[in-house]
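Structure first, then comments.
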Amino acid sequence: MNIYKEISNSIIGKLKEIPEIKDYLTPQILNNIAIEIPKVRDFGDFSTNAAMLLTKSLGKKPRDIAELLVSYIKEIPNVETVSIAGPGFINIKIKDTHIKETIFSGNFNPDTEKKQKIDLDYGGYNVGKTLHIGHLRTTVVGDTFNRIAKFLGHTTKSYNHMGDWGRPMGLIIAWILENGMPSNVDDINRMYPASSARAKEDPAWLEKAQKITVELQNGNPEYKKIYDTFIPMSLGQVNQLLKRLNILTFDENKGERLIAEYVPTVEKILEEKNILEHSDGAEIITVKQDTDTEPMPPVMWKSSAGAQTYAAADLTAIYYREKTDNPDSIVYFTDNRQTLHFKQIFRAARLVGFAENAELQHIGFGTITGSDGKPFKTRDGNVPSLDDMLNIVAESVRKRVSESGKKLSDETIEKIALAALKFNDLMHDVKSDYIFDVDSVTNFEGRTGPYILYTAVRLNSILKKVGEISVTQDCDLLPEERDLLMFLLDFNRVTETAFEKRAPYILANYAYDLCKLINTFYHTCPIMRDDIEEKVKSQRLMIVKQSLNVLSKSIELMGLEIPEEM
RNA sequence: GCGCCCAUGGCUCAAUUGGAUAGAGCAUCUGACUACGGAUCAGAAGGUUGAGGGUUCGAAUCCUUCUGGGCGCGCCA
């Protein structure tokens with residue numbers, strides 16, 4: 001169901017039938033014809049700029065052209081009225097009966113025409129580091145995008161490209177050799193920062209760690225044994241937190257370590273194609289092009305110490321993914337500080353001829369900052385772990401609940417906290433930095449996750465009181481009802497846009513706007529009161545039902561859960 | 001130095017990617033049917049979209065110059 005597409009196609013089809021203009025509809029003009037939903041709802045349900053685009057080629061005034069187009073557009077089925085406004089916009093209003101028919105059918109399934117195969121790369125957690133605020137966006141945005149793509153019928157494969165094979169491993173092992181084995185994951189999480197700090201001050205220590213890294217990668221059994229004992233602890237912690245965050249299980253946890261098995265194969269290909277160069281003891285791939293105006297350093301394939309680099313892992317991963325998935329595109333969701341890195345990797349891939357049929361795309365998002373514009377830290381100057389952040393939000397929910405005298409289960413409180421944290425992240429445009437303000441995340445009024453859940457819970461609560469809903473008699477729609485229904489009709493277009501733009505925030509903002517309309521409707525249109533006529537009642541119940549239908553789908557796509565009560 | 005990204009009411013964000021009167025939330029002020037669940041709703045106030053110039057029927061959006069901020073620029077991942 002996509003009424004937007006339906007109307008769009010009908011209008012374009014009609015225009016092509018008009019003898020006076022059909023010869024002027026060049027591909028360029030057709031491409032520029034916009035069928036839009038006007039910002040000001042009073043203008044109509046849809047509008048088009050077609051008349052304005054034809055002024056030049058026809059040599060007529062836009063409003064005159066509009067007159068002509070209107071006489072044809074009127075003939076489109078389900079169109080109630082067509083009018084001209086402003087400089088020559090054509091505004092179209094759809095028949096109420098058609099809106100109701102479409103919505104009440106309850107079919108909100110997408111009608112994706114071209115289904116794609118997409119590899120997704122997000123998460124990319126590091127062994128030895130607790131998941132912290134810096135992992136929030138890649139996780140939440142990646143996961144939601146994955147859900148949207150699946151919903152639209154695309155085939156996705158999510159990769160968690162773990163950082164489990166680089167120098168941090170050498171640093172941890174060096175630390176263990178001196179201080180003994182870790183007894184739990186917290187020990188490990190302390191080791192890496194400690195060892196890393198020491199390496200900054202002590203060059204000998206750094207060198208030692210580098211050496212261990214190379215030897216580990218070359219199969220040193222002693223190091224491998226240590227490695228094999230602390231890796232599961234670290235992974236266990238990651239998985240536990242992902243579960244708490246309600247993130248879909250990754251299809252592949254193929255990190256740098258597992259991808260390393262394919263590095264020799266890729267290296268062979270690189271050598272055969274004569275792409276590798278030696279430079280200062282390292283092996284590199286030149287990706288600079290003559291037209292570049294920006295700095296474009298070479299891809300480091302192997303460090304001069306002989307260690308596998310992260311670039312090698314990423315390039316090899318492209319090779320692996322092409323072989324196993326043959327995807328239409330590979331999309332990476334990471335911090336935008338890695339923009340240059342991925343540009344290099346993608347160029348290298350093109351040079352070697354990897355994934356030639358796939359679009360390689362890096363979605364770089366901004367940093368979560370404190371109100372000072374610097375990367376977010378807690379008051380004591382530490383980077384907060386995701387677990388801690390959730391606990392802080394949950395505590396705030398608990399406080400609010402107890403103040404209001406309600407009693408909610410821990411499970412419900414957790415769901416509300418998760419919604420607060422995740423929605424706050426999802427609603428921001430991916431590419432820009434955003435300020436993480438603890439006060440506004442723990443304030444549950446207005447544009448927040450709890451507001452969204454609350455809306456859904458209320459709708460549920462009404463529906464619980466009634467049985468089967470059927471609309472048999474037609475009755476008029478109030479403006480608040482009509483606005484809501486029109487907005488529901490937009491759901492499919494929104495999910496498609498969010499998918500195409502790789503921008504889950506579009507869905508998040510849609511969900512919020514939907515809730516606003518639902519709450520307005522809820523207030524102005526009483527349902528269960530005794531003085532409400534039966535036919536009005538059943539129509540409103542149907543509106544409630546279908547609103548919840550769309551809302552709960554949106555909530556699910558954001559990886560949130562509706563509690564029983566709140 | 002070279003390059004990429006950003007700049008929208010006091011604060012935090014939108015604007016369907018060139019459309020009509022730049023919309024929301026927070027904070028402030030005023031209200032709401034004895035709450036179909038008040039974590040709600042209605043209203044008021046708040047803007048020369050960082051500055052200048054350009055492109056066109058039309059610019060927050062595109063081009064250009066400047067100002068201010070963030071980030072990146074071969075052996076960290």
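The values are calculated or read from the model by the stated rules, or taken from the named source; none is laboratory data. The structure presented is a predicted model; accordingly, all values stated were derived computationally and were not measured. For neighbour counting, all protein chains shown are included, and Cβ atoms are generated from backbone atoms with ideal geometry for every residue, glycine included. Each accessible area value is taken on the protein alone, full model and side chains, heavy atoms only, with ligands, DNA and RNA left out. Shrake-Rupley method; radii C 1.70, N 1.55, O 1.52, S 1.80 Å.
Based on DSSP H runs of at least 4 residues, each adding -39500 (n - 2.57), what is the mean residue ellipticity at 222 nm of chain A after dividing by all its residues, to the nearest 500 deg cm²/dmol? Mind showing how you got there, number by number?
On the way: 24 runs with 305 residues, N = 566.
Calculated mean residue ellipticity at 222 nm is -17000 deg cm²/dmol.
Once the piece of chain linking A:Asp280 and A:Asp64 is laid out straight, how much longer is it, given 0.36 nm per residue of separation minus the C-alpha distance between them? If you can, show how the numbers build up before the last one.
Details: separation 216, 0.36 × 216 = 77.76 nm, distance 7.13 nm.
Between A:Asp280 and A:Asp64, full extension yields an extra 70.6 nm.
What the Cβ-Cβ distance of A:Glu294 and A:Glu359 gives, at R0 = 22 Å and to the nearest 0.05, is a FRET efficiency of 0.55.
The modelled label-to-label distance for the pair A:Ala305/A:Lys225, using points 7 Å beyond Cα in the direction of Cβ, is 2.4 nm.
Can you work out the accessible area per residue across chain A, with the rest of the protein chains kept in place, probe 1.4 Å, in square angstrom?
Details: 26530 Å² over 566 residues.
Per-residue accessible area for chain A comes out at 47 Å².
Compared with the dominant principal axis of the Cα atoms in chain A, helix A:504-524 is inclined by about 40°. The fraction of Cα-Cα pairs per 5 angstrom bin, counted from 0 for the stretch A:372-445, comes to 3, 14, 24, 24, 18, 10, 5, 2, 0 percent, rounded to whole percents.
What FRET efficiency comes out for A:Lys343 versus A:Glu36 if R0 is 25 angstrom and r is the Cβ-Cβ distance? Round to the nearest 0.05.
On the way: r = 34 Å, r/R0 = 1.35.
After rounding, the FRET efficiency stands at 0.15.
Along the axis of the charge dipole computed for chain A (Cβ charges of +1 for Lys and Arg, -1 for Asp and Glu, origin at the Cα centre), the listed residues A:Gly353, A:Gln116, A:Ser440 are led at the positive end by A:Ser440.
Keeping all protein chains in the complex and leaving out DNA, RNA and ligands, what accessible area do you get for A:Thr26 with a 1.4 Å probe, in Å² to the nearest 10? Rounded to the nearest 10, the figure is 60 Å².
Between the Cα long axis of helix A:263-272 and the first principal axis of chain A there is an angle of about 90°, rounded to the nearest 10. Beyond 24 Å in Cα-Cα separation lie the following of the pairs A:Lys465/A:Lys535; A:Lys200/A:Lys302; A:Lys5/A:Lys553; A:Lys150/A:Lys537; A:Lys343/A:Lys377; A:Lys129/A:Lys343: A:Lys150/A:Lys537; A:Lys343/A:Lys377; A:Lys129/A:Lys343. Computing FRET efficiency as 1/(1 + (r/R0)^6) for A:Asp186 and A:Lys374, where r is the C-beta to C-beta distance and R0 is 41 Å, gives about 0.95. Note: relative contact order over the stretch A:111-264, using C-alpha pairs below 8 Å and six or more positions apart, is 32 percent.
Here the extension length gained between A:Asp387 and A:Val466 equals 24.4 nm, from 0.36 nm per residue of separation less the Cα-Cα distance. Classify the stretch A:142-282 as rounded, prolate or oblate from the Cα gyration tensor: take a ≥ b ≥ c as the square roots of its eigenvalues, call it rounded if a/c is under 1.5, otherwise prolate when a/b beats b/c and oblate if not. Oblate is the answer for the stretch A:142-282, as a/c is 1.5 or above yet b/c matches or exceeds a/b.
Could you order A:Lys56, A:Lys95 so the one with the most accessible surface comes first? Probe is 1.4 Å. Each step should come with its number before you reach the end.
Numbers: A:Lys56 190, A:Lys95 80 Å².
In descending accessible area the options line up as A:Lys56, A:Lys95.
Across the stretch A:301-309, computed HN-Hα scalar couplings (Karplus, 6.51 cos²θ - 1.76 cosθ + 1.60, θ = phi - 60°) run 7, 9, 6, 5, 7, x, 8, 5, 9 Hz from first to last residue, x flagging Gly and Pro.
Taking Cα centre as origin and charging only the Cβ of basic (Lys, Arg, +1) and acidic (Asp, Glu, -1) residues, the dipole magnitude of the stretch A:213-365 rounds to 460 debye. Ordering A:His161, A:Gly142, A:Trp205 by the projection of their Cα atoms onto the charge dipole of the stretch A:114-241, which places +1 on the Cβ of Lys and Arg and -1 on the Cβ of Asp and Glu, puts A:Gly142 at the extreme positive end.
Taking all protein chains as present, what is the carbon and sulfur share of the accessible area of chain A, in % to the nearest whole number, probe 1.4 Å? Each step should come with its number before you reach the end.
Numbers: 12700 of 26530 Å².
So the carbon and sulfur contribution to the accessible surface is 48 percent.
At full extension, A:Asn179 and A:Ser440 could sit 89.7 nm farther apart than now, given 0.36 nm per residue minus the alpha carbon distance. For A:Glu359, the amide hydrogen comes within under 5 Å of the amide hydrogens of A:Ser329, A:Ile330, counting only partners 5 or more places away or on other chains and with H modelled in the peptide plane. For chain A, the longest principal axis of the C-alpha atoms and the axis of helix A:3-17 are separated by about 70°. Rolling a 1.4 Å probe over the protein heavy atoms leaves A:Ser470 with an accessible area of roughly 70 Å².
Measuring nothing but how far apart in sequence close Cα pairs (under 8 Å, 6+ apart) lie, relative to its length, the stretch A:409-556 scores a relative contact order of 31 percent. Of the whole protein surface, A:Met181 contributes about 100 Å² of accessible area at a 1.4 Å probe radius.
Quick one: compute the contact order of the stretch A:13-147, relative version, from alpha carbon pairs under 8 angstrom and 6+ residues apart, as a percent. Answer for the stretch A:13-147 is 17 percent. Taking amide H as placed 1.01 Å from N in the peptide plane, the amide H of A:Phe365 sits under 5 Å from that of A:Thr334, A:Asp335, A:Asn336, each at least 5 places away or on another chain.
Within straight-line reach of A:Lys39, meaning a Cα separation under 17 Å, sit the following lysines at least 8 residues removed in sequence or on another chain: A:Lys93, A:Lys516. If you sort A:Trp175, A:Trp165 by accessible surface, 1.4 Å probe, largest first, the order is A:Trp175, A:Trp165.
Quick one: Debye curve from the alpha-carbon atoms of chain A only, equal weights, vacuum; give me log10 I(q)/I(0) at q = 0.07, 0.09, 0.12 Å⁻¹ to two decimals. Relative scattering, expressed as log10 I(q)/I(0), comes to -0.54, -0.84, -1.22.
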